[in-house]
Structure formats: structure tokens, C-alpha cells
Amino acid sequence: MKLDSPIFQDADAARIHLEAQRWPHGPNCPHCGNANPDRITKMEGKAHRPGLYNCMECREQFTVTVGTVFERSKIALNKWLLATFLMASSKKGMSAHQLHRMLGVTYKTAWFMAHRIREAMEEDVASSGPLGGEGKIIEADETYFGKRETPRQHARPRPKGWKPTKSGKSGGAQKRVVVGLVEHGGKSRMFHLNDANKATVREVLVRNVSRDTTLYTDSSGLYTSTGEEYASHKTTNHSIGEYVRYEDGASIHSNTIENVFSVFKRGMVGVYQHCGEAHLHRYLAEFDFRYNRRAALKVTDTERHDQLLAMIEGKRLTYRRIGEATNA
């Protein structure tokens, strides 16, 4: 799909395209679920905005954007579709400043659009089920990125003789924690945790990885006991320079999840540059979305964009000014 496509230039063409994506068999009422074409009327004439429908079951009116992340937006729908395409097809992301220049909207508007789109990119883990399974391999690892906005308080005093790193910093102790999972030839999932310990890492694993899976990790003690709950747990010892180990014809490593982290960090440093800790989970969802639909899985930019449009339903993200009540 090219950037001069009519759906990126004309609001009516964008609306028709979105209707075809969301309603391949005709309009559905988002208020009551009515899909009977005889009980849904298209409102036409100068008194009604384009794309307005009336449901004769619940007597409510709706458009294709109702019940989606685009709902109640005054931004032209063709600009929304262009923003979703740019973010879905840019491997390391698309900054709000770049969106604001390309879409001709304010930076503040572009920033909020990007967060709405990230909200749509977030996978419903409960319905998609666990990763892995019998005969499959999952790599698990943790990484530390960006300074914590609420520094971790040490629960106990430093051991005698403790020294900081060469740079004088405290290593990963005051950085944000991300735990990642990736299935060989399949999907990835990354999670922002407040702290990485045996309990929190175990919860991520048991909630997201089938127990019939073979688990590959480094030799970190975070995975030792939890690994015993899986079909097999194999490790590599990075402290002695072992990054790949061959056993029974299989290459054991955690290089795949390291590659996932690499793309994420390159995007965060080179494109986004700054991310508030409260929003980190949305950026992780964005990078997971693109990785899980990467070119290596034979997914094109157009297919990735259409899959993103299929995920916009049932997700709302409203803008609140600082100081407004959260339950307003």
C-alpha cells in the first residue's frame, strides 16, 4: 500500500475502507449488537454526516468509529488510517514529532493519536492463550532500560565490601525492568515489572507459557526453580562466555529474545528518546505487535495494517488533563 492511496488522502475513502474491514457482511450496531440489515438504516442527506446509521432495534445512531479507539475524534479519518499505517510499518516506531509533521496536526494531537494506536496494538493475552506447547521452545530473559521514575528502595543494607559498577552507578538497580518471552519462529511478549525476582518472573512465565514447553534461559537464578515446572529447562552460562551451547543436535541460546530487546531499545533510544514509565507498557505492546507480524512470517505492511484495524474495537483511551478526577 502506497502513501498516496485514496484511503490516506480522502476521509470518505478512509471510512469506506474501515467499514469494509470492520463490517465485511454489513453494518453491526455497536450499542445492541444488531446485524440485521433490514433493521439498520443508513442516514443520508445534508442533515446527516457521512457514514451515519440508525439501528431500529435500540433506536441509537452510530458510525464505523463508535466503540473503537477512533471514537469521538475530530481528526479526519484518513489521517487516522495514515497514522496507523505508519506506526504498523515502521520497524523501530514513528515518533509523535514525525507524525505531527506528516499529518499536519499539532504535536499534542499526534502524541495522543500514537497512544491510542498503541492501545489498539495491545494483545488480549487471555483470549490468545499461552505461548509454546509440546515440542516448542520459549526463550525468556530480562533487561533493564531507562531510569526508574520512582527509585527502588533497598530493603536491606548493602553487603560489606559492596562497590558500584566502574561507572559509579548502581547497575540495573535503579532501571526499569522488562521481562521478555519469545517462541522460536513465533510470537514475543514483553512485560514491564516493578521488580524482577523469582516470584514476579514465575508469575509472568506460568501465565504466558504452556507447561509442555522447553524453556531456554541464561543461568540466572530467577529461572532455576520455575524451570523445573516445564517439560525441560536448558541454560547457557554467559559469565564464562557461553552464549550458544549445542546439545543433541539443538543449539541452546537466548539470542532470539536478545534480538527482540535490541530492536526495542534501538527504537526507544533512536526514535522515541524518552518514555514516561507509566506509558512503558504501551510501547512494549507496540514492539510486540510489529514483531509478531514481521516480514519473516510473510506478513506485508498492508496485511499488518489491516490486522491493526481489526484490533481497534472495544478499546478506548481518553485524554485527561493533569488534575482532573480519574472517575469523571
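For the criterion of being at pLDDT 85 or above and in contact with a Leu (Cβ under 9 Å, 6 or more places away or on another chain), K198 passes.
Among what's in the range 16-37 and is part of a loop (DSSP other than H, G, I, E, B) and open to solvent by 80 Å² or more (accessible area, probe 1.4 Å), pick the residue that is nearest to L308 (Cα to Cα). Taking the candidates together, the pick is P24. For the range 44-68, the candidate set comprises residues that are in contact (Cβ under 8 Å) with a residue 12 or more places away in the chain and charged (D, E, K, R); within that set, the residue that is farthest from N34 (Cα to Cα) is R49. When the range 54-108 is filtered for residues that are under 21 Å from D10 (Cβ atoms), among the small types (G, A, S) and either open to solvent by 20 Å² or more (accessible area, probe 1.4 Å) or out of contact with any helix residue (DSSP H, G or I) (no Cβ under 7 Å at 6 or more places or on another chain) (or both), the ones remaining, listed by number, are S73, A76, S89, G104.
Scanning the range 4-15 for residues that are crowded, with 16+ Cβ neighbours inside 10 Å and farther than 22 Å from E60 by Cβ yields S5, I7, F8, A11, A13, A14. Within the option set H274, H279, being open to solvent by 20 Å² or more (accessible area, probe 1.4 Å) and assigned to a loop (DSSP other than H, G, I, E, B) holds for one residue only, H274.
Count of the range 287-301 residues, restricted to those that are open to solvent by less than 40 Å² (accessible area, probe 1.4 Å) and of a type outside the set (D, E), is 6. When L82 is tested against (1) within 22 Å of D306 (Cβ to Cβ); (2) of a type in the set (A, V, I, L, M, F, W, C); (3) at pLDDT below 95, exactly one condition is not met: (3). Which one is farthest from E139 (Cα to Cα), of the residues in the range 173-199 that are assigned to a strand (DSSP E or B) and free of Cβ contacts under 8 Å to residues at least 60 places away in the same chain? Going through the qualifying residues, I end up with K175.
If you go through the range 43-56 and keep only what is modelled with pLDDT under 95 and more than 24 Å from L82 (Cβ to Cβ), you end up with M43, E44, G45, K46, A47, H48. For the subset of the range 38-53 comprising residues that are within 20 Å of H17 (Cβ to Cβ), out of contact with any Ser or Thr (no Cβ under 8 Å at 6 or more places or on another chain) and not in a strand (DSSP E or B), which member is most open to solvent (accessible area, probe 1.4 Å)? The residue in question is E44. For P164, the criteria (1) open to solvent by less than 50 Å² (accessible area, probe 1.4 Å); (2) touching a Ser or Thr at 6+ places or on another chain (Cβ under 8 Å); (3) modelled with pLDDT under 95 hold in every case but one, which is (1).
The values are calculated or read from the model by the stated rules, or taken from the named source; none is laboratory data. Since the structure is predicted, the reported quantities are computational estimates derived from the model, not experimental observations. We place every Cβ from the backbone using ideal geometry, glycine too, and count neighbours over all the protein chains shown. The accessibility values were calculated without ligands, DNA or RNA, using every heavy atom of the protein model including side chains. Shrake-Rupley method; radii C 1.70, N 1.55, O 1.52, S 1.80 Å.
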